[in-house]
1. Starting from 0.36 nm per residue, how many nanometres of slack lie between D141 and I92 once their C-alpha separation is accounted for?
2. Report Rg(Cα)/(2.2 N^0.38 Å) for region 103-175, keeping two decimals.
3. Pairs of alpha-carbon atoms within less than 8 angstrom and 6+ residues apart define the contacts here; what relative contact order does region 160-281 have, in percent?
4. Give me the one-decimal nm value for the distance between modelled label points at K108 and K22, 7 Å along each residue's Cα-to-Cβ direction.
5. If pairing requires two Cys Cβ atoms under 4.7 Å apart, which cysteines of the chain are left without a partner?
6. Can you give the Rg and Dmax of region 58-139 based on its C-alpha atoms, in angstrom?
7. Give the residue list of GluC sites (Glu not before Pro) in region 80-175 that are DSSP loop and have at most 16 other beta-carbon atoms within 10 angstrom.
8. Suppose R0 equals 22 Å. What FRET efficiency, 1/(1 + (r/R0)^6) with r the Cβ-Cβ distance, do L173 and S236 give to the nearest 0.05?
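Any read-out appearing in this document is the output of simple, stated calculations on the displayed coordinates, not a laboratory observation. All values derive from a computational prediction rather than experimental measurement. Here the Cβ is made from the backbone with ideal geometry for all residues, glycine too, and neighbour counts use every protein chain on show.
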Amino acid sequence: MKKVLILGADGMLGGELFRTFKGKDICIGSTIQELDITDYDRTIEAIKRLEPQVVINVAAFTMVDLCEQEKEKAFAVNAQGAKNVAIGCREIGAKCIYLSTDYVFDGKKNTPYDEDDLPNPISVYGLSKFQGEKYSEEILDDYLIVRSSWLFSNDGANFVKTIIKLSGEKNELTMVNDQKGSPTYTRDLCQAIKSVVEKDLRGILHITNSGSCTWFEFAQKILDLTGSSMKLIPISSSHCGRAAQRPPNSVLNCEKLKEKTGLIMSHWKDALARCIKTMDL
C-alpha cells in the first residue's frame, strides 16, 4: 500500500485518478483551493507535512487558446508549479509523476511520436508543459513524465460532452479535419497510470488509447454512437481562427507502455462507446 497525493484532484483527470487509487492505496486529493502549486512555500510545506510516497501532479492550465493570451499564468502553473512540486518531492524522497501532453511536439513527423523524439512545441501551452517536463528531469531522479492526448470523460468539460451538447442545439457544425491524434478515455488512462505506479517506472512514457483519427472523425463517431443527425462539415485548421497553433500529427507511440507493463490500451472507438454508455443522455 502506497500513500499517494494527487494535485489537481478537482479536475476531470484528477477526480478520476482519485477514484482509481483510493481503493487499495492511501489517497489524498488536493484541489487548487486547498493548494496552489504556484505558491512555492505552501507547496513545499504541504508535501513535507503529508509525506506521500508518490505525488501525481495533474494541476494544470489546459485551455490551449487562452494560454496564448495568459502566457504568464500558463508558465506559472504548468512550469513553475511543476518545479515547485518536483522540489517538494526531492525534499522527502517521493516519486513525482507529471502529466504532460502531445502538444510538446510540432506535429511535422509523419509517424507516431516516440518518447525520445525531440519536443518542439508550437503553442504557449505546449511550451509551458515542456518546461515543466524539463524541470522534473533536472530536479529529480525518481520522476515519471506521462504524455497523453485528447482526453475525454463522462465528467467535466471535454470534447465529447461539447459535441453531444451542440448536437442538441444545431443542425450542422464545422469541424477540423487536418489534425490527427489519439482520443483517450480518462478511466483507461488512470488505470494505466496505476499499473505504472505499481511497477515503479521512471523516465518518460506515452499513454493513450490505441488508434488515431482527426477531430472530424472523432466528432462523427460521437454523433453515430448517440444517434444524432447533426451534419458535420470538414474544414482545415487555417479556416478555424484559433489563437494557438495545433500540431497536425500528435499521435503518440505507446509501445514502451506495452513492453514495460504488458498493458495493451483499448481502441479509442471502444473507449468512447464505453464512456457514452455511462452518460445520462
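1. Working: separation 49, 0.36 × 49 = 17.64 nm, distance 1.26 nm.
Here the segment from D141 to I92 would lengthen by 16.4 nm.
2. Against the compact-globule rule of thumb, the ratio is 1.49.
3. For region 160-281, the relative contact order is 42 percent.
4. The modelled label-to-label distance comes out at 4.6 nm.
5. Taking the Cβ cut-off of 4.7 Å, the unpaired cysteines of the chain are C27, C67, C190, C213, C240, C254, C275.
6. 13.1, 42
7. Sites meeting the loop and neighbour criteria: E115, E169.
8. E between L173 and S236, to the nearest 0.05, is 0.90.
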